[in-house]
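Reviewing the structure listed below.
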């Protein structure tokens, strides 16, 4: 047993209102710089939709992630041989137009335009070239199913649906949910493995995946290798950049900016302890076992053997205590309510999603829109998003996994309805609870952490003991005042 | 006098600038030791330029290196006419490939607005010296045939004399090929400007990737040693700082 500690996350999709506050918080802190304007380390997608960058889930095009190769895994589009062979031109790399060309407006024209018959206008200009551009796409271009024939239809996860399931495209049945995405800080990160110059690494202490800007040599392999397309190339500095999980905030005990600012309070963050010896075996297991074995890799922080092994590895007692209080541990391991996004990429992501339990559906009968349902909430079989679609997102196509989670979520709702209103039949509730193996206490706990959780319940951040660690790296007196993010030099390669 | 300047002074100045400049840049300007890739801004045209250009230069570079280090082996290989022809034709093809690629890259820089934004003044210098270098090399190969044979007689002794600090320029200065002289002078000019241009990226070609393990985990500190030590700084600095 080789126990390591990992900061892991849960996003509760039922609670996401798609306000993009997280994206803006991140943008303001990290990517409001030249060359980074197009980057959204945190973005919120509308699903079904093509996402950002366009069709990022299509690994036939982008060749991201790992593929099973006998008893082990190999990188799909990069790696030692493929990477060095393609180093002069990376055939699978997305270009700026796959994201969007960032722009601003010539606001000054509003003030300086000569007097005339027409209102002056502020024309859009590209933030890359500075020339006027015609805006063809932008951040969240397909928000809330905007232009769904173009975007929702082309969702990569739709390809697996039967024509009947695609009936969701009928106007009356159209539905969507939001999918906020940040870097997953994977246990088996493809970006780290693909970096020819070794600039990417996983921090041992908390598992945050970072890019050393001094060592990055612009070979751009990480952009291809990350199947979630969460490594971005800064065209101005010639360096790749990615979500840093606000590690300066984490180290000082604050939640990352996107977590802190989340209006719907959908985000949870905490420590998971895992067994690093199992990574390769789990990453290369059969596709249908992936979710279970991935969740199995996280160990019980209350188990004395685990505590002993963790202490032997130098993990502080304060971190182990944080792991015991971790809301992520409850959602992922205890209650099994949260699933990883696209586990079939085999990177073992540490961001888990509670899939959205969509509301009861309406249907068209004889041309009449019928919104009455017999039960208070429609059964999960009649969710407007086909189960197969959700399974394609969260369980490598295994619909049972998603159905289990949705059943549990439904049982919790029925239980709470019984407690607070009491208009449901008692045997109906106990039947639902029995089917999902939930006790009343657990259901109450799930309800509490889902709906009433305070800031400290949602974010259990282990003390970083930075006051001790910094002295290993720097002579503290020398670097007084050198905090913050930014580049000390200009990116010019010439004189 | 001119010969002394071009074939003795220039090489030493160039090598000195290259050594001092590259080491300095690597140690103190690590952030800039790379080529500013523009594939993100324009990918398709780059393919048709970058691939033939780099692969052409890749083989030509090692071809020159082998001819310089093991001249007798090359001459022995050339013992049969067919082999000589194969070697010369292949080298010429790589030269054409590099030239074609360079033209494609220059066209791309000139026509694509986005790529122009990330073009520096030194990139222009890079393109000019590369044009001179590749065209003069092709002319040498075409007008002064079978260079792989006479390389050993004219160039190897000269180059070796430079590296052993005993410059012998008789052979090179009596050669009546202007193209060869241009080729040598521009080669040393390229060496001289390496630290100041995007050329540096070939110095950091990531060969060590081949033997590195795929995953890298770095611990910034060892908690136990901090707690038990009384020293101000304990152990080695971590690799990421």
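The values are calculated or read from the model by the stated rules, or taken from the named source; none is laboratory data. Keep in mind the model is a prediction, meaning the values are calculated, not measured. Cβ sites come from the backbone with ideal geometry, for glycine too, and all protein chains shown count toward neighbours.
Some points to look at:
- Those residues of region A:46-80 which are surrounded by fewer than 19 Cβ atoms within 10 Å (Cβ to Cβ), touching a strand residue (DSSP E or B) at 6+ places or on another chain (Cβ under 8 Å) and at pLDDT below 90, in sequence order: none
A quick yes/no check of all residues on (1) in contact (Cβ under 8 Å) with a residue 24 or more places away in the chain; (2) over 16 Å from residue A:348 (Cβ atoms); (3) touching a helix residue (DSSP H, G or I) at 6+ places or on another chain (Cβ under 7 Å); (4) away from every other protein chain (no Cβ under 14 Å):
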| position | (1), (2), (3), (4) |
| --- | --- |
| A:38 | yes, yes, yes, no |
| A:46 | yes, yes, yes, yes |
| A:53 | yes, yes, yes, no |
| A:58 | yes, yes, yes, yes |
| A:71 | yes, yes, no, yes |
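- Verdict on residue A:138 being under 23 Å from residue A:43 (Cβ atoms), more than 13 Å from chain B (Cβ to nearest Cβ) and in contact with a helix residue (DSSP H, G or I) (Cβ under 9 Å, 6 or more places away or on another chain): no
- Residues of region A:203-217 classified as touching a strand residue (DSSP E or B) at 6+ places or on another chain (Cβ under 8 Å), surrounded by fewer than 24 Cβ atoms within 10 Å (Cβ to Cβ) and within 7 Å of another protein chain (Cβ to nearest Cβ), total: 4
- Residues that are more than 7 Å from every other protein chain (Cβ to nearest Cβ) and on the phi < 0 side of the Ramachandran plot within region A:220-235 comprise A:221, A:222, A:223, A:224, A:225, A:226, A:227, A:228, A:230, A:231, A:232, A:234, listed in sequence order.
- Residue list for region B:31-49, filter: at the interface with chain A (Cβ under 7 Å from one of its Cβ atoms) and part of a helix (DSSP H, G or I): B:31, B:32, B:46, B:47
- Any hit, region A:128-143, residues being crowded, with 24+ Cβ neighbours inside 10 Å and at pLDDT 95 or above: no
- Filter result for residue B:208 (in contact with a helix residue (DSSP H, G or I) (Cβ under 7 Å, 6 or more places away or on another chain) and either within 14 Å of chain A (Cβ to nearest Cβ) or modelled with pLDDT under 90 (or both)): no
- Residue B:177 being touching a residue at least 40 places away in the same chain (Cβ under 8 Å) and closer than 22 Å to residue B:88 by Cα: no
- Among the residues of region B:179-223, those identified as part of a helix (DSSP H, G or I) and closer than 30 Å to residue A:5 by Cβ are B:208, B:209, B:223.
- Helices (runs of 4 or more DSSP H) contained in region B:80-164 and holding at least 2 residues modelled with pLDDT of 90 or more and either within 14 Å of chain A (Cβ to nearest Cβ) or buried (at least 19 other Cβ atoms within 10 Å of the Cβ) (or both): B:81-111, B:113-117, B:121-143
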